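Q: Please read through the structure below; I'll follow up with questions.
The values are calculated or read from the model by the stated rules, or taken from the named source; none is laboratory data. Because the structure is a prediction, the values reported are computed rather than measured. Cβ placement follows ideal geometry from the backbone for every residue including glycine, while neighbour counts extend to all protein chains displayed. Heavy atoms of the whole protein, side chains included, go into the accessibility calculation; ligands, DNA and RNA do not. Shrake-Rupley method; radii C 1.70, N 1.55, O 1.52, S 1.80 Å.
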Amino acid sequence: MSKFKGYEIVKKALPKDICKHISDYFLQKRKVTDILFNSRYQSPYDDINGIFNDKQAPGCFSIYSDINNEVLLTRLRPTMEKVIGKKLVEAYSYCRVYERGAELRRHKDRPSCEISTTLNLGGDPWPIFINNTKVILKQGDMLVYEGCKYEHWRERFDGVYCTQVFLHYVEENNSNLKYDGRHMLGLPAFFKGRKLNNDR
């Protein structure tokens, strides 16, 4: 029987070389997306390559359901199930590159984030607080938590950058929230609740 009490640290959940590769990928994607927006090759209303106006962390590069992270979402599901002792289905992934001065406001998550993890991909260490407990993750470590139950936040960031990926799951009996309402993993947020034209 699982001894999961609402949040738990998993050390070395992902090898450092893989973390560095993914972190470098998002640092480069942040630069490319910034150029696309500033040169007006990409509409400010187009979030498929990421955004800089996330309400929880304004100014930081964020991206919903990057395919790289959606693959990671499936890869780490067995680890998540082992920690909490329950069967899970994937909901969605999210990534942020935090920069100096960033904060993550105190909040609880929405229903599609029933069981979540924040995984440190790289950069300067930056504590996350959950249920008034301070947690410091090294590169490759992840915090598994029930984000809908427990408030969590980060105080002002004084480092240069910190890349974190968030992987969100729901319990198997909540399969109506599977893939966050999308047809499949990897699709952007605007596919929530839509059917594809080639559905069979």
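Q: In a Gaussian network model over the chain where Cα atoms closer than 10 Å are linked, find which of Met142, Met80, Met184 has the largest mean-square fluctuation.
A: In the Gaussian network model the winner is Met184.
Q: Quick one: which residues, 5 or more positions from Tyr161 or on another chain, have an amide H under 5 Å from its amide H? H modelled 1.01 Å from N in the peptide plane, none for Pro or chain starts.
A: Amide H neighbours of Tyr161: Asp124.
Q: Tally Lys and Arg at +1 and Asp and Glu at -1 over the other residues with C-beta under 13 Å from the C-beta of Pro188: what net charge comes out?
A: Values: positive: Arg182, Lys192, Arg194; negative: Asp46, Asp47, Asp66, Glu70, Asp180.
Surrounding charge for Pro188 is -2.
Q: Provide the net charge surrounding Lys12, with neighbours chosen by a C-beta distance below 11 Å and charges set as Lys +1, Arg +1, Asp -1, Glu -1. Don't skip to the end; give the middle numbers.
A: Numbers: positive: Lys11, Lys16, Lys138; negative: Asp141.
Taking every other residue near Lys12 into account, the sum is +2.
Q: Here's another thing I want to ask about it. Would you work out what percent of the accessible area of the chain, with all protein chains in place, is carbon or sulfur (probe 1.4 Å)? Display every interim value, and only then the final one.
A: Numbers: 5560 of 10960 Å².
Result for the chain: 51 percent of the exposed heavy-atom area is carbon or sulfur.
Q: Same structure again: Given Cβ point charges of +1 (Lys, Arg) and -1 (Asp, Glu) and nothing else, what value in debye, to the nearest 20, does the dipole of the chain about its Cα centre take?
A: Details: 33 positive and 25 negative charges, 55 e Å.
Roughly 260 debye for the chain.
Q: Right, something else. Answer rounded, prolate or oblate for the stretch 1-108, using the Cα gyration tensor with square roots of eigenvalues a ≥ b ≥ c: rounded when a/c is under 1.5, else prolate when a/b is larger than b/c, else oblate.
A: Details: a/c = 2.17, a/b = 1.88, b/c = 1.15.
The shape class here is prolate.
Q: Mind listing the long-range amide H neighbours of Asp141? Cut-off is under 5 Å, sequence gap 5 or more, other chains count too, H placed in the peptide plane at 1.01 Å from N.
A: Placed amide hydrogens put Lys12, Ala13, Asn120 under 5 Å from Asp141.
Q: Follow-up. Let me know the shape class of the chain, please: from the alpha-carbon gyration tensor, a ≥ b ≥ c as square roots of the eigenvalues, rounded when a/c is under 1.5, otherwise prolate if a/b is greater than b/c, or oblate.
A: On the way: a/c = 1.63, a/b = 1.07, b/c = 1.52.
In terms of gyration-tensor shape, oblate.
Q: Would you kindly derive the ³J(HN,Hα) couplings of the stretch 132-137 from the backbone phi angles with the Karplus curve 6.51 cos²θ - 1.76 cosθ + 1.60 (θ = phi - 60°), listing them in order in whole Hz, with x for Gly and Pro?
A: The phi angles translate into 6, 10, 8, 10, 10, 9 Hz.
Q: What list of ³J(HN,Hα) values in whole Hz, one per residue of the stretch 73-79 in order, does the Karplus curve 6.51 cos²θ - 1.76 cosθ + 1.60 (θ = phi - 60°) give from phi, with Gly and Pro shown as x?
A: 4, 6, 4, 8, 4, x, 5
Q: How large is the accessible surface per residue of the chain, computed with a 1.4 Å probe and reported in Å² as a whole number? Don't skip to the answer; put the middle values down first.
A: Values: 10960 Å² over 200 residues.
Roughly 55 Å² per residue, with all protein chains present.
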